[in-house]
Structures are given as structure tokens and as C-alpha cells.
Amino acid sequence: MTSASRADLDSAARVSLRQQEVVADLGERALETDDLEQLLADAADAVVETLDVAFASVLEVCPEGNGGRLRQGAGWSDECVGTHVSTAPDSQTGRALHVDGPVVVEDLHTAAVSGSELLADHGVVSGISVVIGCADDPWGVLGVHATEQRQFTDRDVTFVRSVANVLATGIEHARTERRFDAIFDDPNILVGLLEPDGTVLDINGTAMEYVDADLEDVTGDPFWETPWWIASGGDERADDLQSEAREWTERAAAGEYVEFETELTRPNGDRYTINGVFRPVTNDDGEVVSIIVSDRDVAERKRRERHLRDAKEQLEAATEAGAVGTWEWHIPENRMIVGTSFADTFGIDPDDAREGVPLEKFIDAIHEDDRDRVAAAINEAVETGDTYEEEYRVWNADDDLRWVVARGHVERDEDGNPVTFPGALTDITDRKRAELEAEKQRKEIQTLFDVLPVGVVVADEDGSLLRANNAAKEIWGGDVFDADDITEYEKYSAVWAETGEPVDPEDWTMSQVLRGEAVSEPNVYEIEPFDGDRRIVMEHGMPVRDERGNVSRAVVTLTDITERREYERALEERERQLSALMENVPGMVYRCRNERGWPMEFVSDACREITGYEPDALERGTVDYGEDIMVDEDREAVWNAIQRTTDDREPFSVTYRIETADGEIRWVRSYGRVLAADEGERATLEGIISDISDRKRLENDLKESNERLEQFAYAASHDLQEPLRMITSYLQLLEARYDDAFDEDGEEFLAYAVDGAERMREMIDGLLAYSRVETGGDPLEPVDLDCALADVLDDLQLHIEETDADVTVDDLPVVEGDASQLRQVLQNLLDNALTYHGDEPPRVRVDADRRGQEWAISVHDSGIGIDPADQERVFTVFDRLHTHEEHEGTGIGLALCQRIVERHGGEIWLESEPGEGTTFSFTLPAAE
């Protein structure tokens with residue numbers, strides 16, 4: 001590289017650094033200043049000085065699209081500022097508004113675009129025009145104008161575009177501040193801004209009216225220790241309220257959206273109820289950076305005009321941008337040569353850096369999330385020769401994370417090969433932090449807008465509706481806020497709630513606010529939303545003013561008070577219905593703590609009829625339900641039965657005995673459920689206790705009757721066995737001795753008789769087994785159904801092989817039961833599945849499904865199925881769906897299965913369609 005080219009490089013680097021300093025300085029002002037006009041003027045002066053041109057213009061586009069006006073500039077006379085400028089598509093300014101990217105003109109005399117009359121009068125020849133704001137909705141155009149023909153560099157264009165972006169940030173910052181103040185100072189909403197640890201940053205004026213304190217008194221304190229909660233010190237719930245407020249804050253700090261409603265007390269003793277949310281605000285990395293608490297007073301109270309105070313602190317963020325140094329990468333040797341401060345920024349030894357180190361050492365110091373992107377951008381610049389510019393994070397020598405922006409270009413030799421890659425690095429950490437803080441504030445404002453418990457509508461100065469939150473859309477029945485001016489408000493149908501008179505467009509709160517009125521005493525309307533359901537709403541409104549004091553925006557809040565009135569009426573009706581239900585329910589309604597002794601918190605008046613005690617005696621604890629009323633022998637069984645339902649919150653039903661006040665023993669049934677409890681607290685039970693003494697006596701009588709019937713059936717079946725054996729024996733003897741004496745008909749008749757006797761024996765055996773299910777069974781104990789089914793499959797192995805059946809079995813549970821009887825059930829169901837299989841080999845599957853305290857066992861087959869009309873008959877004793885010639889059997893197998901399942905406290909059922917197979921399912925109690 002020649003000394004001349006090196007001097008040019010140093011000069012270019014100095015120009016680039018100067019431009020960066022200007023952008024950084026303007027960026028700092030954009031985030032700090034509240035004087036937009038001064039910012040625009042300073043930007044124009046800085047552009048003129050930095051690029052050494054005659055003029056700079058900041059053009060604001062007129063809202064109606066009729067050109068623009070020169071808002072600020074440099075080099076123009078005072079008379080020129082404020083003049084109208086054409087934005088026709090063929091003009092330089094108009095082209096900038098209609099194309100994607102800057103418009104650069106070297107000579108207006110030969111260019112395809114024309115200059116405005118203003119430019120022509122001042123001898124402008126060359127220039128750059130860049131849009132301020134987004135291309136879809138530009139605020140205006142930043143122009144740079146030279147009076148001599150000039151070739152602007154890419155660096156110059158980038159500089160002008162950066163200044164335009166800074167101005168867009170400042171303009172949006174000013175708009176955001178005005179919108180935030182209007183929402184924050186709404187007289188109908190209580191708003192607070194907290195640090196993640198709960199420290200109070202700001203509280204709006206509306207909320208401060210509820211306590212006897214100034215903003216300075218609460219700023220910096222933990223939110224739960226502020227007067228809103230301490231003011232309730234005379235309330236026995238004061239400690240609980242502070243604990244709740246702290247818990248809500250900590251949950252929001254963990255990222256949770258926390259809704260709440262609580263009752264507080266003013267310093268003068270008046271109670272009020274607030275309803276709202278704790279909403280976390282997060283940064284781009286998902287970290288909670290602040291908490292917004294927004295709520296409203298939902299108690300009916302007298303509205304008064306509030307004197308609002310400006311309570312929102314201005315964003316404070318200092319940005320400092322300065323060059324860290326320049327670099328020169330010798331590409332063929334892969335040698336990066338940098339200065340001391342540059343090396344320190346990347347944590348590299350300065351001595352090594354002066355001699356030159358591989359590029360990879362610098363790449364390794366870049367934050368891992370940015371590293372691949374930066375490396376790819378460097379490679380692209382080397383391959384294409386494009387200008388290089390990247391913004392990224394880097395770990396310095398002190399292991400601190402810094403934000404930097406790197407700009408450079410690739411130099412090539414005569415053959416076009418990349419030789420050197422010089423550039424400059426700027427530390428933008430402070431500016432970046434300020435930008436992140438500004439973004440945090442923007443998110444806070446957006447979050448506040450989205451989560452406000454009332455509707456919010458924002459209009460432009462001409463009355464066109466710009467934005468509405470979801471609450472407002474719900475109130476009006478949809479996204480219907482598309483009016484372009486006040487005259488179109490007539491499509492929103494409403495009458496004054498007090499008089500019933502129609503609401504004209506100029507009567508709406510929005511119209512009043514656009515006229516400059518602050519509507520703190522609410523307007524109350526009865527509206528007809530677009531979804532057809534009439535509602536009553538009250539509206540407040542505040543104007544947003546620009547730097548000249550003119551109304552530039554209008555913000556209106558809407559509160560739907562229809563639901564509140566309907567809720568109050570519904571609550572009264574529910575209380576009436578509940579009272580009537582309590583009086584007529586057939587039993588004692590109760591709520592008690594889940595503790596031994598069952599301490600009652602509430603019992604209904606039916607307590608007198610069932611227990612003989614007064615309800616308040618149980619509620620006060622003078623009579624203990626568990627100790628004084630429940631029979632001793634039943635207490636432990638009841639406790640265990642209910643505790644088994646606590647984890648899965650299943651309803652419980654237990655039967656036990658009580659002793660009434662006059663000493664009578666009664667049977668009762670308690671049906672209820674366990675309610676969830678907060679951590680560290682005992683759960684509670686709610687339910688109904690019914691007197692079933694009469695039914696219990698009937699059950700005992702029925703049980704005794706059934707036992708006698710079983711004894712009779714057993715005796716009758718047993719007594720039939722002897723004559724049946726005699727008949728069978730003589731028939732067999734007759735067949736053996738006189739076989740030659742019978743002709744063909746005789747032999748057939750004899751065979752019928754033997755077969756009928758055999759089937760009669762099978763039916764009697766089945767009837768004996770059916771009658772002995774209760775009396776002949778073993779006690780219930782844990783049974784492993786996997787083992788039981790394995791025994792059954794061994795017994796049916798020959799049948800399975802003969803039918804070429806495919807039997808699959810899922811894991812089966814351990815249940816409470818009689819192992820022998822459960823094997824009988826499984827064998828009967830599997831034998832049927834193997835028998836009634838149709839033309840194809842049978843496919844059988846056995847599985848289980850947990851249902852609370854029970855298991856449902858199912859046997860699925862692919863057989864001939866059962867017609868729905870016949871499905872009830874299959875469980876009837878001796879009722880067969882097929883003839884003996886079609887399928888053998890006694891007709892008692894499924895009836896026996898049903899009897900066994902019912903003995904186990906379960907039920908059995910089937911699901912089937914003809915030709916589609918059958919599924920038999922039955923329930924059994926799970927083993928403890």
C-alpha cells in the first residue's frame with residue numbers, strides 16, 4: 001500500500017468516525033430531549049457541517065397527502081421554514097417516499113427526477129433524500145442538498161440514513177411519551193410501576209388519592225409495605241393483605257400474569273374493592289425488567305373530579321459513542337493488526353495485537369449468539385467486495401460484555417484478489433443500553449394498553465380512530481373502530497343512559513376530548529353494539545397535546561357497567577335459590593376441615609332432624625361431629641376412605657353410623673368432595689349427609705331374603721343331582737345292554753335322552769355355581785390379574801390352538817378380589833371370544849384402564865358380534881341367543897360373570913355390533 005493510499009484510508013477513517021460521533025450524539029439527544037423542534041434543527045445543522053453541503057431539509061408530510069412542509073432545515077432563510085414543498089412522484093422528495101431506499105441525485109439537470117421550486121430557487125444541483133420513519137407510514141423526508149455537482153459515497157448515504165433513523169426514534173419517543181402520560185393519568189385507573197423485586201418506581205395520581213401519602217413517600221419502598229396495604233392496619237386481615245401483595249409481586253417477577261381482586265381500607269375507614277393484574281414486562285431475552293400493576297375501583301362510589309399529577313418519570317439513558325480504534329486485516333497472511341484499546345475490547349494481549357494475530361482470536365471473543373453472523377458477514381464482504389458493517393456483542397479483557405459496531409471495506413490488488421480489510425470499531429454500549437431502556441418503556445406502555453381492565457380507544461386529531469384495545473372491541477362487539485372522522489361516529493348507535501335521548505356524533509366523549517376537554521366526570525351511555533347485545537358504558541377521556549399545546553391525539557376509556565349490574569342481580573337470585581335449595585335438599589349440607597374429628601365450618605338446618613343437635617353447636621365446636629356423633633367403630637374406616645380421594649380430588653361416598661342427641665343409632669351416607677387447599681393449609685370437605693336408616697333396614701331384610709333364596713337354590717339344585725344321576729345311569733345301562741334291540745329310531749331317541757340328561761346336569765352344575773357366588777366365595781384380597789389370566793390361558797391352550805387364535809394381553813393390575821372367581825370370569829369371557837369367532841380365526845385382546853378407585857378390565861374380540869336388541873338378554877340365566885346345535889353351552893356363563901362382578905362391587909357391560917366383534921368390560925376395586 002502506498003503512503004498516498006494509506007493517507008486516503010486514514011482520512012476516510014476519520015470521516016467515518018466523525019459521522020459515527022454525530023449519529024451517536026444525535027441518538028443520545030433523541031432519547032433525552034423533550035424539544036423535538038430543537039432536535040430537528042440540530043440534526044439539519046450537523047448534516048450540513050459533516051457533509052460540507054449548502055442546505056439540509058427536514059420535510060414533514062402533510063396528513064392529507066397534499067405535499068409537505070419544511071419543518072426545519074439548515075442554510076435556508078427564516079422565511080423558507082414552514083413553506084409548502086411538492087411531493088409529486090416525479091420529484092426528488094416524492095421519489096424518496098415511493099421507493100425502497102435512499103434517492104441520490106448527482107445532477108438535477110440531467111436526472112430522471114425534478115427538483116422542487118424551493119431547490120431550484122436556491123441553485124441546488126446534487127442531493128440525497130431519505131425517508132424518516134417506516135416506508136408504509138413515513139413521517140417525512142430528510143434531504144441533503146449541494147449547489148455543485150457532487151458524487152456522494154456509500155458512507156455519506158449511510159450517514160444520512162442513520163440520521164433519519166435517529167430522527168424517527170426521537171419523533172416516536174415524543175409520541176410515546178404523550179400517549180403514556182395520557183393513559184398513565186387516566187382518572188379511572190390505578191397504575192403502578194415496580195422493579196422486579198417489588199420496589200416502587202412510580203404510582204399514578206389516581207392511585208395516590210386512595211392513601212394519605214405523597215409519591216415521594218412510597219417511591220423506593222417494597223410495594224407490599226406501601227400505605228394501600230398498611231392503611232388497613234385496623235383490619236384483622238392487614239398481615240394477610242401484605243402477604244398476598246408480596247406473593248402476587250413475586251409471582252409476576254417470575255414471569256406469571258397474576259389477576260387479583262381484594263378489599264382495602266382508606267385511611268378514613270371507608271372500604272373499597274380493587275380488581276386488576278400484576279403484569280411482567282420482559283426484554284428481548286425474556287427477562288422480567290419491570291412489573292406493571294393496573295387495577296380499578298369496582299365499588300360503587302361518588303365520582304369526583306380528580307386533580308391529576310404528572311407521575312411518569314422520563315426515560316434516563318446516557319449514550320456515549322466513541323471510536324475504540326481501527327484495524328487492518330492482512331487477508332493472505334491472516335494477520336489482524338490493532339491498537340491497545342481495540343485489543344483490550346476483545347481481551348487480546350496488546351503486544352501481540354500490534355504485531356498481528358489471526359482473525360479467529362477476535363472472532364472467538366464475540367458473543368456466541370452473534371459469532372456466526374459476524375463471521376458470515378466478514379466472509380461475504382471478502383467474497384463480494386461490499387461494504388462491511390455489523391453490530392454485535394463482545395467480551396472484553398475484564399470479562400464485561402460490550403456492544404460495538406464495526407465498519408470496514410476490502411481492498412483488492414490489480415488482479416482483483418482481496419489483500420487488506422481495514423476498518424474502524426465503535427463502542428456503542430451506552431447507546432445500546434439507552435435503546436434497550438427505551439424499548440422497555442415502549443413495551444411497558446404497550447403492555448399497559450393491552451392489559452387495562454377497561455376499554456381504550458385512541459383517535460387522531462382529525463377524529464379518525466387509530467387504535468382500540470381488546471376490551472374496547474369486546475364492549476362494542478368486534479373490531480369496528482374504523483371511523484375516519486367525527487361525522488362517521490353516527491354509525492355508533494347509543495342513547496344517554498339517564499334520559500334515553502339519542503347521542504349525536506358531537507356528543508361522544510371522543511368529540512369532547514378532540515375539542516380539548518378533559519372528561520373526568522364520566523358520560524354514561526346505553527349503547528347498541530354490533531353484536532346486538534345492548535350495554536351500559538361509562539366513558540372518561542383525556543387529550544394528548546403536542547409541543548405547541550394543540551390536541552394531537554385523544555384517548556377515551558370505556559367501562560362496561562352492564563355486567564356489574566347483571567352480576568349483582570344474578571348474585572341476589574343465586575343467594576335466593578341457594579337458600580331455597582338448602583331448605584329443601586334431602587339431607588344435611590356441610591363443610592368441614594379435613595381433620596380427625598371433622599370440625600364443622602357450616603351445617604344446614606337439616607342437622608336438627610338428622611343428629612338432634614343445633615347447627616350452631618357443631619359450627620362453634622361445642623359438639624364434635626367425629627367424637628360426639630360418629631360411632632367409634634366406624635371412625636377409622638371413614639377417615640381412610642376419604643383420604644384415598646384427596647390426591648385426585650375424586651368424589652367420595654361413605655356409609656357409617658351416628659348416635660343422635662337422644663342416643664338413637666342411625667345409618668347415614670356422606671357424599672361429597674375434597675376441595676383444593678393453598679400450600680400449608682388443610683383441605684376442606686363439602687357434601688351432603690343423608691339419613692339412610694330405613695333403606696339400610698330394607699337392605700338387611702333383602703340380604704337375608706337373598707341368603708334364604710341362595711340356600712333354597714343350592715338345596716334344590718343339590719337334590720336334583722341324585723335323580724338325574726339315576727336317569728343318566730339307567731339310560732347308559734339301557735344303551736349298553738340292549739343296543740342291538742333298538743332300531744335306528746330307537747337309537748336316535750336314546751341319544752336324545754342321554755344328551756338331554758347331560759345338558760340338564762350341566763345346567764344344574766351352573767345353577768349350583770351361580771347360587772354359591774356369595775356363600776361359597778373366598779374373602780377378597782389382592783389378586784394379580786396377570787397371574788390369573790396366565791392360568792386361564794393355560795387351561796384354554798387347546799382351544800386356542802384348535803381355533804388358530806391370536807390373543808394379546810396388556811399389563812393387567814392388582815385388584816381386590818376372589819382369585820378363583822375372577823379366573824372364572826376371565827375364562828368364561830375368553831372362551832366365548834374363542835367360540836363365537838365367525839369364519840376368520842379369532843383375534844382377542846385383553847387390557848385395563850384406571851378409573852379413579854377402580855380398574856376397568858376389557859376383553860375385545862373380532863367375532864360375530866351381538867345385535868343391540870339382544871344385548872340385555874345375554875346376562876339372563878339360561879337365556880341363549882343360539883341353539884344347542886349351533887353352539888354348545890348352558891346359557892348361564894355370562895349371568896355367573898355378572899353375579900361375580902357384582903359381588904366385587906363392580907359392574908359388567910358390553911359394546912357390540914353384528915359382524916364387528918364384541919367388547920365385554922367389567923370394573924373391579926383397585927388394591928390398596
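A few points about this structure:
- Of all residues in region 837-853, those that are in a loop (DSSP other than H, G, I, E, B) have Cβ atoms under 8 Å from Cβ atoms of residues that are of a type in the set (A, V, I, L, M, F, W, C), 6 or more apart or on another chain, in HIS837/ALA805; HIS837/ILE864; GLY838/ILE864; PRO841/ALA805; PRO842/ALA805; PRO842/ALA833; PRO842/LEU834; GLN853/ALA926.
- Among the residues of this structure, GLU636 counts as one that is in the same structural domain as ILE610 (by the TED database) and out of contact with any strand residue (DSSP E or B) (no Cβ under 8 Å at 6 or more places or on another chain).
- Test for GLU360: is it in a strand (DSSP E or B) and open to solvent by 50 Å² or more (accessible area, probe 1.4 Å): no
- ALA41 small (Gly, Ala, Ser), closer than 30 Å to ASP462 by Cβ and not in a loop (DSSP other than H, G, I, E, B): yes
- Remark: pairs (first residue in region 625-638, β-branched (Val, Ile, Thr); second residue in a helix (DSSP H, G or I); Cβ separation under 9 Å; 6+ apart in sequence or on different chains) = ILE629/THR611; ILE629/LEU618; VAL638/GLY626.
- Being β-branched (Val, Ile, Thr) and open to solvent by 20 Å² or more (accessible area, probe 1.4 Å) holds for only one residue in THR509, THR487, and it is THR487.
- Restricted to region 658-703, and to residues there that are among the β-branched types (Val, Ile, Thr) and closer than 19 Å to VAL631 by Cβ, the residue that is surrounded by the fewest Cβ atoms within 10 Å (Cβ to Cβ) is ILE665.
- Taking the conditions (1) more than 43 Å from the chain's Cα centre (by Cα); (2) in a loop (DSSP other than H, G, I, E, B); (3) without any contact (Cβ under 8 Å) to a residue 24 or more places away in the chain in turn, ASP137 satisfies each one other than (1).
- Candidate set from region 526-545 (those that are within 32 Å of the chain's Cα centre (by Cα) and of a type in the set (A, V, I, L, M, F, W, C)); member that is most open to solvent (accessible area, probe 1.4 Å): PHE530
- Residues located in region 477-527, provided they are in contact with a Ser or Thr (Cβ under 6 Å, 6 or more places away or on another chain) and closer than 16 Å to ASP560 by Cα: ASN523
Residues checked against (1) more than 28 Å from the chain's Cα centre (by Cα); (2) at pLDDT below 85; (3) buried (at least 18 other Cβ atoms within 10 Å of the Cβ); (4) not assigned by the TED database to the domain that holds GLY408:
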residue: ALA438; (1), (2), (3), (4): no, yes, yes, yes
residue: ILE445; (1), (2), (3), (4): no, yes, yes, yes
residue: GLY477; (1), (2), (3), (4): no, yes, no, yes
residue: ASP482; (1), (2), (3), (4): yes, no, no, yes
residue: LYS491; (1), (2), (3), (4): yes, no, no, yes
residue: PRO502; (1), (2), (3), (4): yes, no, no, yes
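- Residue list for region 32-50, filter: closer than 21 Å to GLU435 by Cβ and open to solvent by less than 10 Å² (accessible area, probe 1.4 Å): LEU39, LEU40, ALA43
- Filtered residue count, region 798-824, keeping only those that are aliphatic (A, V, I, L, M), open to solvent by less than 30 Å² (accessible area, probe 1.4 Å) and under 48 Å from the mean Cα position of the chain (by Cα): 3
- Annotation note: of ASP831, ASP849, ASP861, the sole residue that is at pLDDT 85 or above, more than 51 Å from the chain's Cα centre (by Cα) and on the phi < 0 side of the Ramachandran plot is ASP831.
- Scanning region 595-631 for residues that are of a type in the set (Gly, Ala, Ser) and open to solvent by 20 Å² or more (accessible area, probe 1.4 Å) yields ALA606, GLY612, GLY621.
- For region 258-283, filtered to residues that are assigned to a strand (DSSP E or B) and among the acidic types (Asp, Glu), the residue that is most open to solvent (accessible area, probe 1.4 Å) is GLU259.
- Region 391-424, subset surrounded by 17 or more Cβ atoms within 10 Å (Cβ to Cβ) and modelled with pLDDT under 85, residue nearest to ARG371 (Cα to Cα): ASN396
- Where a residue in region 672-699 is among the charged types (D, E, K, R) and its partner, wherever it lies, is assigned to a helix (DSSP H, G or I) and at pLDDT 80 or above, with Cβ under 6 Å and at least six apart: ASP691/ILE610
- A single member of THR660, THR684, THR655, THR646 is modelled with pLDDT under 85, hydroxyl-bearing (Ser, Thr, Tyr) and either in the same structural domain as ASP624 (by the TED database) or under 19 Å from LEU618 (Cβ atoms) (or both), and it is THR646.
- Put simply, of GLY500, GLY423 the only residue that is without any contact (Cβ under 8 Å) to a residue 60 or more places away in the chain and in contact with a strand residue (DSSP E or B) (Cβ under 9 Å, 6 or more places away or on another chain) is GLY500.
- Unique match (being at pLDDT 90 or above, assigned to a loop (DSSP other than H, G, I, E, B) and more than 29 Å from TYR567 (Cα to Cα)) among GLY286, GLY233, GLY255: GLY255
- Single unsatisfied condition, ARG548 versus (1) touching a strand residue (DSSP E or B) at 6+ places or on another chain (Cβ under 9 Å); (2) open to solvent by 40 Å² or more (accessible area, probe 1.4 Å): (1)
- Condition check for THR646: out of contact with any helix residue (DSSP H, G or I) (no Cβ under 7 Å at 6 or more places or on another chain), assigned to a strand (DSSP E or B) and open to solvent by 10 Å² or more (accessible area, probe 1.4 Å): no
The values are calculated or read from the model by the stated rules, or taken from the named source; none is laboratory data. Note that the structure is predicted; figures quoted are calculated from it, not measured. All Cβ positions, glycine included, derive from the backbone under ideal geometry; neighbour counts span all protein chains shown. Just so you know, the surface numbers come from the protein's heavy atoms only, side chains and all, with ligands and any DNA or RNA stripped out. Shrake-Rupley method; radii C 1.70, N 1.55, O 1.52, S 1.80 Å.
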